[in-house]
Amino acid sequence: MTAGGGGKIGYVISGSTPTEFLATLHPEGVVPLYEYVAVDSVEIPPSSGEPEQVKLIGQIVKIYRDPYQVKRDIPLFSVVESLSRDLLEVQIAKVKVVGYLWGDEIHMPKLPSRIGAPVYLALDDEVQALYGRGDLCVGRLSARPLEICLDLEGIKRHLAVIAATGAGKTWFSVVLIEELLKRGAQIVVLDPHGEYVPAAASANSLGRRGLVVKVSEHHPGDVMYKIGVVDTDPDALADAAGIPAKATKMRYAIYLAHSLAKRAYKEAGRRVGPQDLAALMAAALEGEGRLRALLKRWGVGEAETAGDLAELAKRDRHSVFSAAAYLKRLRRLGVFSSRTTALSKIMADLTVVNLAGASDEVQDYVAWHLLTRIFKARVRHVRGLPGVRLEKPIVVVVEEAHRFAPPKAVKRTRAYEAVSRIAAEGRKFGAYLVVITQRPSRVDPDVMSQMQSQVIMRIINPVDQEAVRSASEQLAQEYLDNLPGLDVGEAIVLGPVARLPAVIRVRDRVLEYGGADISLADAWKTKDQKEEVILYWRRFFGSAPPISVALEARRLSVKHAHNDGGVWQVAVVDGAAEAAVEFSLTQGYARCSCGMRECPHIYKALEEVLGRPSKTADKKPA
């Protein structure tokens, strides 16, 4: 049987090498970019030692039309008038040879295809055999409806997801998380903007447990991540508090107070929080005697550092007073506390670390702190060392990796240390990275070079294209040239996760996520509409809605709403869960099936109804 069996579409015409060739296709043929073709050829497979008939499978990586070549002295009009349509133009395809199957092995040819050899569409079975069957079914091939499943074991070599804004990188990442959860993975997501919060909330739809860890009291989360003051570097405290880098005396005051706090913990077991650091400074401002009296109550003996802090307060009261004022910011943040949150309390099947609402400095420190703890816990488990351990291998997803691991020459971050260490050593200890970025040129090249698999979506910026080329050994120039032309949701997959380079279309997701573009119609609501929501809320509950309720309502959606004699029935969707809200604008009451009195579901339902052109059978309160 002829190669492919899918019908002859053209012939090999020139440029034939073992790895590529040019083919002329029928001018009226409809053969898209990235389609798979087959050519009969002769090779000497390694296990045979003799010439054998094989089927080469190739992929069209470039396609174009040219006018039929004629003598320059023939008027073009005459040619057009006299030649048939089929002879006016030729369709040329550049084909990258993928390989041929011999037994169960894929081999690259060592001989070029014959000029004039027929080119056929490859059979689905032939293409599927080349790619094999992996575990992580993230979509289908772009050129034909064949499911593509990535190799789970390839995740151990780390993965980069790279795409311009709006090209679908978060969508792909959520689909990848779904597939990993189905295989029993334990996943931690660093989420700077809270986009993955709905994914954690809907993880139960896959039979897995999701948990949201927050670092701001005003953003959604199940657990507040706290870092003990004595477990924190004093410079990190100063950074988080917002103390300028050049304010050396204020930073020195923080250092001295932190040293005394560590003494209190070592000598008396006292857990010290930010308010206690401020209390030490306040006592120092009142004199050395008052400071030593406070330390004595805490169970701390003679400490030379106490004299240093008191002397600094005496010489430069303004610096110590200002440092104490900055520490109040740490209290308001809520992240720094007297105790560090136990790792066991924040580890679920899918843990989303919602960093939204925190400054860049706090996000950086929390990322470093948490990733360092996770990596050390895996090292202890593998090596049988005492201390906190994590028994299951961990996949760490770092969204917007350019924020946490920029090039060292551009910016030094604390998180870089943890990210780069997992990139370099994580494979040995069962800690694997998935880094996601829209600016690969702004991610440290050493980190990018460790990401042996890449999922590359549409990229337009030439600088970022060059960064992708540098990081990927398998990205051929033709794929690079085509990056700006990829559709939303299309991706080039390279590296150990794919048996061969593949151009795929990402499937629909199951988990929810918050990464969609903002609806301008919703975002540009009039001031009157927003005030109307607050007005009715006050009527229902006697006070304005809490800001946390309004913020959490943003991630919810309304399934349907109808009015029955002045009573609204609204179904509000929260991930995989659904809440039934009932309220009446005229009777002035609201209730929700979730059982909470003032809940985000009611707020969302109010927004939906009051945003409609007509609130039938209802009217505004007097």
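What follows draws every value from the coordinates through simple rules; no lab data is involved. Predicted model only: the values in this text are computed from it and were never measured. Neighbour counts run over all protein chains shown; Cβ positions are idealised from the backbone, glycine included.
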Query raised in the report: Where does helix 527-541 land angle-wise versus the long Cα axis of the chain, in degrees 0 to 90, nearest 10?
Result: 50 degrees
Report summary line: Per DSSP, the loop-located trypsin sites (Lys or Arg not before Pro) within region 403-510 having at most 12 other beta carbons within 10 Å are ARG412
Report task. Starting from the amide H of ILE63, placed 1.01 Å from N in the peptide plane, find each other amide H under 5 Å away whose residue is 5 or more places distant or on another chain. Result -> LYS94
Query raised in the report: So which trypsin sites (Lys or Arg not before Pro) in region 123-170 are both in a DSSP loop and have at most 16 other Cβ atoms within 10 Å of their Cβ?
Result: ARG133
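If the only charges are +1 at each Lys and Arg Cβ and -1 at each Asp and Glu Cβ, what is the size of the charge dipole of region 151-262 around the Cα centre, to the nearest 20 debye? Numbers along the way, then the final one.
Details: 13 positive and 12 negative charges, 38 e Å.
Approximately 180 debye in magnitude.
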Report summary line: Quick calc: nm separation of the 7 Å Cα→Cβ label points for GLU28 and ASP481 -> 2.9 nm
Query - Cβ-based charge dipole, the chain, positive-most Cα from GLY307, ALA467, SER48 - result: GLY307
Query raised in the report: Using the C-alpha gyration tensor of region 401-510, what are the square roots of 5 times its eigenvalues, in whole angstrom, with the largest one first?
Result: 24, 17, 13
**Report entry** Value of D in µm² per second that Stokes-Einstein yields for region 228-337, Kirkwood Rh from Cα pairs, at 25 °C (0.890 mPa s)
**Finding:** 183 µm²/s
Query raised in the report: Dipole magnitude of the chain about its Cα centre, charges +1 at Lys/Arg Cβ and -1 at Asp/Glu Cβ only, in debye to the nearest 20?
Result: 2920 debye
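Over all directions, what mean area does the Cα convex hull of region 520-610 project, stated in square nanometres?
Values: hull surface 23.0 nm².
Its average projected convex-hull area is 5.7 nm².
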Query raised in the report: Toward the positive end of the charge dipole of region 520-610, about the Cα centre and with charges on Cβ (Lys, Arg +1; Asp, Glu -1), which of SER548, LEU606, SER593 goes farthest?
Result: SER548
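Where does each of MET108, MET281 land when they are ranked from fewest to most other beta-carbon atoms within 10 angstrom?
On the way: MET108 12, MET281 26.
By the 10 Å Cβ count, ascending: MET108, MET281.
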Query raised in the report: To the nearest 10 degrees, how steeply does helix 600-610 sit against the main Cα axis of the chain, on a 0 to 90 scale?
Result: 70 degrees
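Beta carbons within 10 angstrom, averaged per residue: use that to sort the peptides 26-37, 329-340, highest first.
Details: 26-37: 16.1, 329-340: 18.2.
Highest mean packing first, the order is 329-340, 26-37.
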Query raised in the report: From the residues ALA356, HIS402, LEU136, which one has its Cα farthest along the dipole of the chain in the positive direction, the dipole being from +1 and -1 charges on Cβ of Lys/Arg and Asp/Glu about the Cα centre?
Result: ALA356
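Region 326-451: Rg/Rh from Cα coordinates, Kirkwood Rh?
Details: Rg = 15.0 Å, Rh = 15.5 Å.
Using only Cα positions, Rg/Rh for region 326-451 is 0.97.
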Query raised in the report: Residue by residue through region 583-598, which ³J(HN,Hα) values in whole Hz follow from phi under the Karplus form 6.51 cos²θ - 1.76 cosθ + 1.60 (θ = phi - 60°), with glycine and proline marked x?
Result: 7, 10, 6, 7, 7, x, 9, 8, 8, 9, 5, 5, x, 7, 6, 10
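Beyond 36 Å, what percent of the Cα pairs of the chain remain? Walk me through the numbers on the way to the answer.
Working: 104583 of 193131 pairs.
For the chain, the share of Cα pairs beyond 36 Å comes to 54 percent.
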Query - At most 14 other Cβ within 10 Å, DSSP loop - chymotrypsin sites (Phe, Trp or Tyr not before Pro), region 388-444 - result: none
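Determine, for each peptide in 361-372, 219-230, the mean count of other beta carbons within 10 angstrom over its residues, then list the peptides with the highest first. Before the final figure, lay out the partial values.
Numbers: 361-372: 22.4, 219-230: 20.0.
Going from most to least packed, we get 361-372, 219-230.
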Query raised in the report: In sequence order, what are the phi-derived ³J(HN,Hα) couplings for region 11-17 according to the Karplus relation 6.51 cos²θ - 1.76 cosθ + 1.60 with θ = phi - 60°, rounded to whole Hz, with x for glycine and proline?
Result: 9, 6, 10, 6, x, 7, 10
Report task. Using the Karplus curve 6.51 cos²θ - 1.76 cosθ + 1.60 with θ = phi - 60°, work out ³J(HN,Hα) for each residue of region 427-442 in order, rounded to whole Hz, and write x for Gly and Pro. Result -> 4, 5, 10, x, 10, 10, 9, 10, 9, 10, 7, 9, 10, x, 5, 9
Query raised in the report: Quick one: putting +1 on the C-beta of Lys and Arg, -1 on the C-beta of Asp and Glu, what dipole do you get for region 409-505 around its Cα centre, in Debye to the nearest 20?
Result: 420 debye
Query raised in the report: Helix 288-297: angle to the longest alpha-carbon principal axis of the chain, degrees 0 to 90, nearest 10?
Result: 80 degrees
Query raised in the report: Which of LYS392/LYS428; LYS246/LYS411; LYS156/LYS392; LYS156/LYS214; LYS169/LYS376; LYS8/LYS62 have a Cα-Cα distance over 24 Å?
Result: LYS156/LYS214; LYS169/LYS376
Query raised in the report: Could you give the nm distance between label points at ALA544 and GLU217, where each point is 7 Å from its Cα heading toward the beta carbon?
Result: 1.7 nm
Report summary line: Calculated from DSSP helices alone, with each H run of at least 4 adding -39500 (n - 2.57) and the total divided by the residues of the chain, [θ]222 nm to the nearest 500 comes to -10500 deg cm²/dmol
Query raised in the report: What is the distance, in nm, between label points placed 7 Å from the Cα along the Cα-to-Cβ direction at ARG380 and at ASP124?
Result: 5.2 nm
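Given the peptides 179-187, 270-278, arrange them by the average over their residues of other C-beta atoms within 10 Å, most packed first.
On the way: 179-187: 18.6, 270-278: 20.3.
In decreasing order of mean packing, 179-187, 270-278 become 270-278, 179-187.
With the Cα gyration tensor of region 372-428 in hand, give its eigenvalues times 5 under a square root as the equivalent ellipsoid semi-axes, listed largest first in whole angstrom. Don't jump to the answer; show the numbers that get you there.
Details: eigenvalues 124, 24, 16 Å².
So the equivalent ellipsoid measures 25, 11, 9 Å along its semi-axes.
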